[in-house]
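The values are calculated or read from the model by the stated rules, or taken from the named source; none is laboratory data. Not measured: the values here are computed from a predicted model. Here the Cβ positions follow ideal geometry from the backbone for every residue, glycine too, while neighbour counts run over all protein chains shown. Remember, those area values only see protein heavy atoms, side chains included, never the ligands or the DNA or RNA. Shrake-Rupley method; radii C 1.70, N 1.55, O 1.52, S 1.80 Å.
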Amino acid sequence: MQSVLAELIAELPEGVVVTDPDILASYRQDRAFDPSAGTAMAVIRPRRTEEVQTVLRWASAHKIAVVPRGMGTGLSGGATALDGAIVLSTEKMRDITVDPVTRTAVVQPGLLNAEVKKAVADYGLWYPPDPSSFEICSIGGNIATNAGGLCCVKYGVTTDYVLGLQVVLADGTAVRLGGPRLKDVAGLSLTKLFVGSEGTLGVITEVTLKLLPAQHPACTVVATFDSVEAAASAVVTITGKIRPSMLEFMDSVAINAVEDKLRMGLDRNAAAMMVASSDDRGAAGTEDAEFMARVFTEAGAKEVFSTDDPDEGEAFVAARRFAIPAVEAKGSLLLEDVGVPLPALADLVGGVAKIAARHDLMISVIAHAGDGNTHPLIVFDPADPAMAERAHTAFGEIMDLAVGLGGTITGEHGVGRLKRPWLAGQLGPEAMALNQRIKQALDPDNILNPGAAI
Ligand SMILES: Cc1cc2nc3c(=O)[nH]c(=O)nc-3n(C[C@H](O)[C@H](O)[C@H](O)COP(=O)(O)OP(=O)(O)OC[C@H]3O[C@@H](n4cnc5c(N)ncnc54)[C@H](O)[C@@H]3O)c2cc1C
């Protein structure tokens, strides 16, 4: 293998191919912390599309598996290294050009989501998709997973902002798809095919993003409840009438875990907390906030608090964003991402509680509630094999529950390696076979992220 790798080293600029064992070890896992991760023979850190082409031509010629990687914050094991593979990290591909006239930005994949937001904000523009991990995840990873986030309930998910892509295919061919055009129906929707493809169809080396004018300051409403069902019922009432710019849910475990760390005076006795906002202009935003406060009260909220002070509102949003790291402090996490049609939200949350009780596990639920997308966080101790087994059983049962309610095994994190065994059960044989035919057509030797997603 060393002589094969020497060929690649010779073709790329110095330093692009890394074989230091300590560095290889730090690229084994993503944030799913899959214990079965392998170790790659090399980490490749190109700067240019042409270098990515060189890597894929070489990998294709030698049938070497390639694991594309952004910042490794993925929660489904999609960037987990494999023995004998190479990890292709985009972290050094960091250019951005903003065009305020067309309201677009051309971005390389390694820039962080937060850096894109900041760069476009200098032009009075806004890139909406906002995963809670926005300060640590790459825009390439966001596109490869079709990431969601908090404002997606009103503004849509990553794919809604992708106008064009440059993608390097398994054989090293670079293709341009779409471009800075708001309308374009020429050919099949191939741009969208690559969004959410989790590194299995090609490596994204450039993206053209659609931008919006800067967001208006939001009015925020926070409500606490004695029951999760009451909170879930308020969600359906709100989304049936207005378009909030955020509608987030935390259960009591998450509230307490966040309060343990941030000490901001959250109600430790509440069963659930909702954080909602409206960014509509002027009186419309205030009316929306008043409406949501009324719905929360009528649904039985114990306390409702409204503010139009952006800093005060942001403190609650930051608390919600901090929920995953806060619950992670209680033990290892198996992190779910199941979604259901909105009327089934209460059944999903109630069903998860029953699964937790049956397996004697702590399962915290946080949710992008307005999208029906929940994150049950299964807490376990990996040093306790019986508990780890119960946690894995619960992980599967939660996905079965969601699919049984007409939902999905993943709303935004992707299938990765952790959820692959459940994919066929959701899609059914015909759709699964179609997925596999597309994969086969684009990557006949299965070198791109084998074992992930499809
Ligand atoms: C605390 C926390 C909160 C989170 N909150 C959210 C949230 O609210 N919403 C959400 O959607 N996600 C969330 N995530 C998950 C994660 O941040 C997202 O999935 C993110 O999009 C991954 O980006 P990344 O750069 O880390 O990609 P990685 O983890 O490195 O890779 C993710 C997948 O994309 C593929 N990939 C990466 N770059 C490319 C590329 N250039 N070309 C082709 N394939 C590529 C990889 O092979 C892998 O399959 C959260 C994670 C954490 C740790």
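Summary table
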| item | result |
| --- | --- |
| Meets criteria (part of a loop (DSSP other than H, G, I, E, B), open to solvent by 40 Å² or more (accessible area, probe 1.4 Å) and under 27 Å from G84 (Cβ atoms)) for N435 | no |
| Positions within segment 250-276 being under 12 Å from S364 (Cα atoms), open to solvent by 10 Å² or more (accessible area, probe 1.4 Å) and not in a loop (DSSP other than H, G, I, E, B), in sequence order | D251, S252, V253, N256 |
| Cβ pairs under 7 Å, 6+ apart, first in segment 268-279 and in contact (Cβ under 8 Å) with a residue 60 or more places away in the chain, second of a type in the set (D, E) and open to solvent by 10 Å² or more (accessible area, probe 1.4 Å) | S278/D288 |
| Residue in segment 236-249 that is at pLDDT below 95 and either closer than 30 Å to T97 by Cβ or under 24 Å from the mean Cα position of the chain (by Cα) (or both) present | yes |
| Selected residue (criterion: surrounded by the most Cβ atoms within 10 Å (Cβ to Cβ)) from residues of segment 1-20 that are under 18 Å from K63 (Cβ atoms) and of a type in the set (D, E) | E11 |
| Flag if V175 is over 25 Å from V327 (Cα atoms), within 16 Å of the ligand (Cβ to nearest atom) and open to solvent by less than 30 Å² (accessible area, probe 1.4 Å) | no |
| Single residue of segment 132-164 satisfying the filter (farther than 21 Å from S245 by Cα and more than 9 Å from the ligand (Cβ to nearest atom)) that is surrounded by the fewest Cβ atoms within 10 Å (Cβ to Cβ) | G164 |
| Test: residue in segment 394-408 that is within 16 Å of the ligand (Cβ to nearest atom), open to solvent by less than 70 Å² (accessible area, probe 1.4 Å) and within 24 Å of L361 (Cα to Cα) | yes |
| Test result for V203, touching a strand residue (DSSP E or B) at 6+ places or on another chain (Cβ under 9 Å) and within 13 Å of the ligand (Cβ to nearest atom) | yes |
| The one condition in (1) modelled with pLDDT of 95 or more; (2) open to solvent by 20 Å² or more (accessible area, probe 1.4 Å); (3) touching a Leu at 6+ places or on another chain (Cβ under 7 Å) that D347 fails to fulfil | (1) |
| Residue in segment 116-131 that is within 9 Å of the ligand (Cβ to nearest atom), touching a residue at least 60 places away in the same chain (Cβ under 8 Å) and either touching a helix residue (DSSP H, G or I) at 6+ places or on another chain (Cβ under 9 Å) or open to solvent by less than 10 Å² (accessible area, probe 1.4 Å) (or both) present | yes |
| Cross-chain or 6+ apart pairs with Cβ under 7 Å, segment 172-201 first and in a strand (DSSP E or B), then open to solvent by 60 Å² or more (accessible area, probe 1.4 Å) | L177/L190; G178/D184 |
